[in-house]
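Any read-out appearing in this document is the output of simple, stated calculations on the displayed coordinates, not a laboratory observation. Bear in mind the structure is a predicted one, so any value in this text is a computation, not a measurement. Ideal geometry is used to build each Cβ from the backbone, glycine not excepted, and the neighbour counts take in all protein chains shown.
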């Protein structure tokens, strides 16, 4: 595949790809955690949380796809293995940790909020270094989605 002519320098494209690879990894780690908690939640709020976690991991699927495809639009190959995601992710897994339903809800809200904070920083970097409104739009939409997801989880945990 030939390199795209997007009116961006090599440095701008590299900065965009770096932002997107980390975002793709974070989204993938969070999606797996949501699935794990969806499968393993128990207690009096089982139905509500089971459904909420499923809704959220399903909502992340198009974000993961859009992020990977955006990397491809810049001419790079998108990472796609668990090993790559774990190396790139800013969110971390906690193997063997199985909190109760309330703990799951709080932990997931904190992960969404961590992504919101990171997306603010990524958006500032994109604005300062990349100057690509398409990238900025993707980051802004993703940030807003995570803000709403965190709010849903915090409201459920109250």
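Quick look at the values:
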{"read-out": "Label-point separation in nm, residue 72 to residue 131, each point 7 Å along Cα→Cβ", "value": "2.9"}
{"read-out": "Amide N proximity, the range 29-68 versus residue 155 label position 7 Å along Cα-to-Cβ, cut-off under 19 Å", "value": "45-60"}
{"read-out": "Whole-number D in µm² s⁻¹ for the chain, Kirkwood Cα-pair radius fed into Stokes-Einstein, 20 °C, 1.002 mPa s", "value": "132"}
{"read-out": "Convex hull per residue volume in Å³, alpha carbons only, for the range 56-136", "value": "114"}
{"read-out": "Rounded FRET efficiency, nearest 0.05, which uses the C-beta distance separating residue 5 from residue 148 and R0 of 25 Å", "value": "0.10"}
{"read-out": "Alpha-carbon centroid distance for the pair the range 19-38 / the range 81-158, whole angstrom", "value": "8"}
{"read-out": "Per-pair calculated FRET efficiency, R0 = 25 Å: residue 97 and residue 124 via Cβ, rounded to 0.05", "value": "0.20"}
